[in-house]
Structure formats: structure tokens, C-alpha cells
Amino acid sequence: MKNFTEVNSSPPAWLAMAFVWMMMLTPLLANAQKTISGKVTNESQQPVFRASVQVKGTTTGAITDDKGQFSLAAKVGDVLLISSMEYESAAVTVGSESIVNVTLKSSVSGLNEVVVIGYGTVRKKDLTGSVASLRAGDIKAEGVSNVGRALQGKLPGVTVESAGGDPGAGTRILIRGVGTLGNSAPLYLVDGVQVANINNIAPGDIESMDILKDASAAAIYGSRAANGVVLVTTKSGKAGKTAIQFSTNVGLQKIDHAWDVLNASEWATVSNAAHDAAGLPRLAIAANPAALGKGTDWQDAIYRTAVIQQYQLSISGGNESSRYSVSGEYNDQDGIVDVTGYSRYGMRVKSETTKGKIKIGETVLLTREKWTRMPGGWGGQGGNPVGSAAKMIPAFQIYDSTAIGGFSGASGPVVNIANPVAQLYLEDITNEVTSILANAFAEVSLLPSLKYRFNLGYTSSFGATDDYHRRYNVGSLFSHPTNDLSQSKDRNQLVLAENTLNFTQDFGKHSIQALVGYTYQKYQYNYWLASKTNLPDGLRELDAASGTANVAGNRTENVLLSTLGRVIYSYDDRYLLTASFRRDGSSRFGAGNRYGNFPSVAVGWNISNEAFWSIPPTTLSSLKLRGSYGILGNQEIGDYQYSAAIASNINYVGGPDQQKWFGAIQTAFASPNIKWENTKTVNVGIDAGFFNGKLNLTADYFEKRTTDVLLNVPIPGSAGSSSNPVINAGTLQNKGFEMGLSHSNEVDPFSYNVTGTFTTLRNKVIELGTGSQQIFGGQPTHHGASTTLTQAGGEVAAFYLIKSLGIFQSQAEIDAYTNKDGELIQPNAAPGDIKFFDANGDGLISNSDRVNMGSPFPKFEYGLGFNVSAYNFDLNAFMQGTSGNKIYNGMRQDLEGMNLEMNYSRATLNAWTAAKPTNVPRAVINDPNFNAQTSSRFLENGSYFRLKTLQLGYNVPEKALERIKISSLRAYLSADNLFTITKYTGFNPDLGRTGTILDRGVDYGHVAYPLARVLSVGLQLGL
């Protein structure tokens, strides 16, 4: 038996060895990575989709899925940074647990939201300029096929007008009014590359749209930014699992309303009354009104219910170092006018890869568009088929099998208006455009806070237009003896090279972003035209023609060189300063005026971040004041305007041998002294959040003054110039106020959001030309006078018209309307004729009596949006409108004139007679009093309120989708242009013709395309 004291009390060898190994491996185990998973939710415990979860100091990261879930590799002690727009960022240290759940707090007023400002981004709370933004969700909900229409009424200070109801028609965008008398379109950039417009960009490809409105925001783009800047950022891939999105929309379109015109019997009755009043013989075709019946409904013959369909598929994803997004789309839209249509194919690829200190990426967008268009008026006075359908006499027939071409038409002593159905089927006009946008960049981190970026952009659009005109005899007024073919091609190319250095650094309470850069841009335009007559039936090749040939072509180019710089400074998130400078050199100006300088400065004060701020966030959660001043430029004139243009091939035959001499001649005067048009802008604004950010307000007051306005000054033809020279000869002023409101809240089980915008502005011409120059515009009919006048002291394109004072009810009223000498002012008038105002008192009624009758610009514009969701259903509505603007109704001038042999408006059935006095003048075909002349009689109130979109959607519950492995599924029913409340009697108060700014508010009804009401169903699927 051993003594107890002899027992070995030391630990076993294996245990000691294990302890040693554990001590050695503990640091390694602590550094071993493990899989961390979790869920990111908001304060309402709703999942936060596409939140970024990043391991601090590394490129490792993940993006939450639609359930808010994520998974990534990390080790104990790592810090996870979680961020998402509209939420405050959070940081969580990884411990021993493998599941990390995070709740994000709503960011007051979305102040952490990133806003694109050109060559970079800035947090909304650090923004000092006036920038309006639209996010992907705002566009997705509507299911629209055109990006511009998604903007309408949603952004303060941004006016969006339809370019017509044509299939594939785009929009016209004005930012803060009219800053020039030439091209007033803003600068469009897609992923940093300039494009002519954004009509071919698929709405589903857009991540954000940011509109730079004041000089502080836009001056970094210098010479191209005077009319504002529209920045489009397309969607990028996110780290995490691959996301697949599919959306489709199929709908029916129908004309909202056609012109209310007479049938054949009614037309003959009015026509006979008009001839009788003039003492002229009646038309033979109108001899027996009752026998004519209803006749041909020409509008019904060309309008149809048309199908529109849209499809888009996108795939995106990536990992910590590489991300990608690929999408394809197809749109097909039949026009509500027979034969017309539009189709678009598109593909987009966007990716970026990071390797160490280098990041590279690219965007490629390819689109192919095709339009089938309406022909013009064939030289007649009907206009296009829409105009002809309203004005064509209903007593004529559509078809004539014995005629060449197979169509009947107008004959006899009537206005030469073409058969609109014949126009659509006897002339084929197609236009195809293939567009490429390519952008590639390489970014190198020279230091942790300093990055160099090289960006190379390229755009190309190649258009081809074919116009095949068949031979025909249509009635007795339209004859085309041969088959003719015209083919034209054009190409636009832009090359952009940008070098920038970006410095970003925080120093305690100081934060600074600095940017310097150098850019080169070259634009080229080429066009070719070939046409030939007398093709055999059935052949559409130029070589098959045996008639007259014509060829033409030309090329232009311009170059822009720029240096730029910007500094954004913030102190303690309270005091903000932004200063920028850009110097542009343009080949569009002569050597002495080639360069322009465009500086800007802006300051901001986040008052709610001050120590003395004591108002609780439940009342006033944020308050910021902003102010800016800057100068922007404009160079939007034709190329080579500063030099003398020489036209060659000016030949003549002379001498005893009748020899052909080849010559050239200067056809236009040079303007060697033209220089940059400059716009100086002052802006003051306020951003405020109320009730913990549930209600947000942004408001701005601005003044824009444009000097050295570039315009064409009229000169007499005797001067020997084929065009008016361009000079700097004007000053314009715009003043306005704009406001945006948004309110979001949740009242279980409902969540809702309400948005509203309000804009009011006024423009004034301070100086123009020689001081007394007048620019007329807006001729609304084939035979009418101009309607708008731009001159110093007035508005741009103000309506100047002979004023209508009503109707003479008796001969005594006519006799009493005399000049100072007792002579009749309207000696040819009879009871029932219009009484016009002798404004200048010369005793005559003429164009010298035109007076200011109103503005085509609204006193204010507004938009109102509302969406609410509950129990998986969502309801979206959007309304917009204008107030206080005037529209000149050119079609009404034709249809109510009763002075020409065409169809008339139904209002003429109520024409004045002695037995039945009305407010419609008497019917008299020779119109001795000129009742149908261009006057205020046809100027109408253009104010309107439109329910633009109404959409009801249903989201299939997650539990039902889990079994079939679908992440989201939404179906919706949508109605667009559901109704419009307006006193305007034309097709559309949101005027549908893209013309010059001098034609604003003039409805060219004879060449219009009506707006359609659309009812559609859609599906949005996520995998």
C-alpha cells in the first residue's frame, strides 16, 4: 500500500499537451472565418431589401434579398457596416454568434440618400444645389414605356410635355422655363455620356434620374447646362445571389375623343346656308342634303383600337469584387391611327470589377427602333391623315375600284383635302434607328483618399428612312403618275474622353470632396439622300427606276474642350460650401470668342444640427437653408455660323459656245463675332422635415437672366442671303418658385405615401435685337396669320391677336361702330358677323390691331401622387395639370370658319341667324367680314387636370411563393390618361407637337396625332 503523499498530483501528459495546443491555436481560431447570416429589418420589422452589409476595411460584402436576409464570411472581431438609402447606417461587431440580426432606423428626411450631381455623388444632407430626383420605384409602379412621361408632374420646376400621341413619341422637357430662343432642351447624360434624348431608354433599366436645376448643381457641365441637366443612372448589379426580374405589360389604346364634325346631310345643310348668304350658287354635291344621309365617317375610317405590349428581362448579381447587370427589352405599339406603329428592341450590359487598387467597368446599351409613320398633306390643305379626316367632306367616298390606286377622293370646286385612308395606304414611310451607347472607365486608387478615373464614352445612332409613294389618281384633285422612292440615311457620332482626379477626406469635423478634370468631346453628323421616280409596280429599289434622280449629302462636326474643378466642403454636418468652375472651348465660335468661363458657388446651413436647436424631431426633425449663384453657358447653334458658307455647283451656261461654267457663291452672311450665351442664376432654397421625417418639404425661389442670347435676326431677301445670320442680340429673364411635398406613414395594416409638386414662373424679354425687333411665330393653319409675338418688354411667344368683341346683333350696332370721322370700321359686316377691336384707332381692322391676349405658359403647374398598400394590395394614382395658360386652336379655326369648302364643326349647326341669334357667327362662304381670320375667337383656356395613372396591384404572399421558389410576384391593372378635365376643345391640352419655343401653345391640329387612353394589365416577377 502506497502512501498517499506519494500519489503524483501533476496533470497527465496528454492534458498538458492539449492545454499547450489550445493556447497556441486560440489566436488562430479567433482569426478563423465563419459564415455569418442574419436579417436586416426596419423599425416596423419589415425586411429591408438590397441593404448593403460590408465587412469594414475589406471588399467582402453582401446584399440583402427581398426577405432582408444575408450571408457572408467574417471572423470574430470584424465590424459589419450595414447601410441602405432612407435608413441610418449601423455597425455591428462579430462575436461568437453566427446569426446577426439588425434593425435600421429610418433616416430623417432620407438625408443619407445619395444624389448624383455630375462627376460624383453627394449625400442629400450635404447638398447645396437645387436637384430633383426620381428613383427606380417611382418609375416601376407606372409601367410606362417612355421615361420622359414618368417625369411628368413629379418634379418641381420640370415641365414635361407630350411630343404627340404617335407610337414611340417622346416628350419635350423644359427645366425652369425658357432660357433661350433657340434649342431649349436640357443636357441629357446616361451613365455620364451625352445623348440627344432619353426616349429609347427602357424605364426598367433606370436606377435613378437626377435633374440639376440651378447653377450650383449644373455649372460643372458649363456650356451645355444653361437649360438644365438630366442625369440618368442605369441599374448596377449587387453582391449576393443572382437576381432575375421579368416584367410584362399588355394593353389596349383608344382615342380619347375625336373631332365632333358634321355628317354628309348636316354638312350640305350648312354649306347651302353659307352659299345662300353669300349669294353664290350651291355646290352640286350638296343639292339634296336629305339624300346624302350620314355619308362617310372619315375619322372612324382611320382610327382603331390598338395593342401595346412591353416585355423586359433582367439578370443581375455579383460578389465582393465583381458585379453585373444584364437586361433585354421588347416594345411593340400599334398606333391608334391605322397603319402607324412603333417597335423597339433593346439590350443593356453593365458591369464593374475591382482588383486591388484598380476598378474597371462599362455600360453598353443597344437599341433598334422602327416607326411606321403617317404621310404629310400631299400638297393639299388637309394636313396629315388626322387633319384630313376631320376636314374631308363626308359626301365623298373612300374607295373607287376604277381609279389608279383604288381610292376615291374630293372633286369639284372644293378645298384640296386628301382622302386620309388613301394617304395611309398609298404612301409608306418607315424610319429605322439603331443606337449604341458605350461607356468604359478605369479607376485607380492612388491613395486611400485620392482616385484617378479615365472615362471613355461613345454614342452612335444610324437612321434610315424610306418613303415609297405609289402612283394614283385620288378624286380629281390629287394625281401622282409614277411610283417614287426616296431613301435617306443619317449618322450621329459622339466621342467623349474624360480624365478626373477625385479627393475625399474627413478631418475630424471637416469633410472635403475635391474634383479636377479635363475632357474632350467630338460630335459628327453625316447625312445622305437619294431619290428616283418612275419605278415599276411592285419594285422598291432605286436601280429599278427610270425617272428623275436626285442625290444630296453633307457632313458637319464640332469639338468641345473643357477643364473643370469642384470643391464640396462640410463642417460638422452644419456648414456647407460647394464651389465649381468650368472652362469650355467650342469650335462653334470664332478664335476670338471660343472659350467661356462658368463658375458657381453655393452655401448651406443645416440649422437642425446646431447645438442651440431645441425643437423636438417629432415636430421639426430637420431644417436646411441653401443659396447659390452661378453662370451657365449655351452653344446650341449650327456649326460654322461664324464663317462664310460657300455653296458649290452653282453653274451657268454662257459664251458663244454656250459653255457650262462651274461656280460657287456665298449664300449666307458670316457672324464672326458671335460668342457664348450666358445664363446667370440665383437660387435660395429650404429643405425641411417634420414629424420624424414623415413629412418633407423642399422649396426654391430662383432668378435666371440670360444675356447675349443667340438668335437668328431677320434680314431682307434683297441682301442676298439665303438664311438669317446668328448674332448675340437678346436678354431674357425667368423668375419662379417651386415646391415639393412628400408624406409617408404606416397605420397598421395600411402604409401610404402622398407626394405633391407646385411650380410657378414668369419669363420676360428684356432686350431683343435692335430694340424694336419682333419675332413672330405659330402659324396655326395653312392660310392663317402668325399667333405669337416675342419682343422686348413682353413674354416669349405671347399671344398677339386681333381681339374679338362678340357678334353684331343688328345693323344698328354695325352703323354705330365708327372711327373719329364717322366712317364704318367694319364696312363689310352684316348682322351675325364678328366685331373686332380697332386697337390702334386707325379706323381699320388689320394685323396692326393685334394685342396681347395671354401667355402659352401656365401661371402654375402641379402634380399629385398617392399610393396605399394593405393586405398585399396596392393602389397608385397620379394626377397632374396646369392653370392659367392659353392655347390657340388651329383646327377649330378651320372647322368653324364656314368660309372654305370643307367639313365643319358640329357647332356650326348653331350658326347665327336673325331668328336664332347665337354666339357662333353666321355661315357665309365668302366671309366678307373675315370672321375666320386669326383672332382671339380661337384662343382657348388651356388649363387642365388629368388623372394620368390609376393602378391597382396585388402582391402574392411570400408563403405562397416559397413552395415554387419565387421571391416576388405582382400583378396589376392600370389605366393611363383615364380622364382630363379641361375647357380646351382640341385633342389634348398637353400639346402634342415638338416645335420651336416660339410655337408654344399653338395647336397645329391639321398635323397632330391624338393622345390615347390606355387600359393594360401587367406582371412583375422576381426570382
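Values quoted throughout were computed directly from the atomic coordinates according to the rules given, and no laboratory measurement underlies them. Because the structure is a prediction, the values reported are computed rather than measured. Every residue, glycine among them, receives a Cβ derived from its backbone with ideal geometry; neighbour counts consider all protein chains shown.
A few comments on the model shown:
- In a DSSP loop and with at most 11 other Cβ atoms within 10 Å, the trypsin sites (Lys or Arg not before Pro) in the stretch 465-558 are Lys509.
- Within the chain, longest stretch free of exposed chymotrypsin sites (Phe, Trp or Tyr not before Pro) [DSSP loop, at most 13 other beta carbons within 10 Å]: 1-611
- With all pairs of separate Cα atoms included, the stretch 240-393 yields a Kirkwood hydrodynamic radius of 20.7 Å.
- Taking the number of Cβ atoms within 10 Å of each Cβ as an exposure proxy, the fewest-first ranking of Glu823, Glu352, Glu362 is Glu823, Glu362, Glu352.
- When the Cα positions of Gln513, Leu535, Val100 are compared along the charge dipole of the chain, Val100 comes out farthest toward the positive end, with charges on each C-beta of Lys, Arg, Asp and Glu.
- D (Stokes-Einstein, µm²/s), Kirkwood Cα radius, the stretch 362-418, 1.002 mPa s at 20 °C: 155 µm²/s
- Backbone N under 16 Å from the Leu973 label point (7 Å along Cα→Cβ), restricted to the stretch 863-877: 873-877
- Spacing of the two label points (7 Å from each Cα toward its C-beta) at Phe750 and Tyr652, in nm: 8.2 nm
- Trypsin sites (Lys or Arg not before Pro) restricted to the stretch 792-894 and DSSP loop, no more than 13 other C-beta within 10 Å: Lys820, Lys859
- A convex hull fitted around the alpha carbon atoms of the stretch 921-1023 yields 162 Å³ per residue.
- Taken over the stretch 804-849, the alpha-carbon convex hull comes to 61 cubic angstrom per residue.
- FRET efficiency, Ser846 to Leu529 (Cβ-Cβ, R0 41 Å, nearest 0.05): 0.45
- Cβ-derived FRET efficiency at R0 51 Å, Leu625 paired with Val713, nearest 0.05: 0.75
- Hull volume per residue, based on the alpha-carbon atoms of the stretch 610-762 and their convex hull, is 185 Å³.
- The stretch 972-1023: trypsin sites (Lys or Arg not before Pro) falling in loop per DSSP and having at most 15 other Cβ within 10 Å: Lys983
- Alpha-carbon centroids, the stretch 620-676 and the stretch 241-318: separation in whole Å: 42 Å
- Folded to 0 to 90 degrees: helix 264-278 orientation relative to the chain principal axis, Cα: 50 degrees
- Average silhouette area of the stretch 514-553, convex hull of alpha-carbon atoms, in square nanometres: 5.2 nm²
- Measuring nothing but alpha carbons in the stretch 749-905 and taking Rh as the Kirkwood radius, the Rg to Rh ratio lands at 1.17.
- Only Cα sites of the stretch 923-972 enter the Debye sum here, all with the same form factor; the resulting log10 I(q)/I(0) across q = 0.27 1/Å is -1.02, listed in q order.
- Cα lying deepest toward the dipole's positive end in the chain, options Val754, Leu496, Gln312, charges on Cβ: Leu496
- About its Cα centre, the chain has a charge dipole of approximately 2420 debye under the convention of +1 per Lys or Arg Cβ and -1 per Asp or Glu Cβ, with nothing else charged.
- Estimated FRET transfer efficiency when R0 is 41 angstrom, pair Lys357-Glu958 (beta carbons, to 0.05): 0.50
- Whole-percent P(r), the stretch 381-496, all Cα pairs, 5 Å bins from 0: 2, 10, 14, 13, 10, 8, 7, 6, 5, 5, 4, 4, 3, 3, 2, 2, 0.
- Net length gained if the chain between Ala544 and Ala699 were fully extended (0.36 nm per residue, minus Cα distance): 49.4 nm
- Label-point gap, in nm, between Tyr871 and Ser479 - each point 7 angstrom along Cα→Cβ: 7.2 nm
- Signed unit charges on C-beta, dipole axis of the stretch 804-849, positive-most listed residue Gly806, Ala839, Ile825: Gly806
- Taking each residue as 0.36 nm, the span from Phe662 to Gln397 lengthens on full extension beyond its C-alpha to C-alpha distance by 90.2 nm.
- q = 0.07, 0.08, 0.09, 0.10 Å⁻¹, the chain: log10 I(q)/I(0) [Debye, one scatterer per Cα]: -0.72, -0.93, -1.14, -1.36
- Footprinting exposure proxy for Lys735, Lys624 (fewest neighbouring C-beta atoms within 10 Å first): Lys735, Lys624
- Burial ordering of Val158, Val270, fewest other beta-carbon atoms within 10 Å first: Val270, Val158
- Spacing of the modelled spin labels on His257 and Ser322, each 7 Å from Cα toward Cβ, amounts to 5.9 nm.
- A quarter of the convex hull surface defined by the alpha-carbon atoms of the stretch 436-528 gives 11.0 nm² as the mean projection.
- Multiplying the residue separation of Lys764 and Val92 by 0.36 nm and subtracting their alpha-carbon distance yields 236.2 nm.
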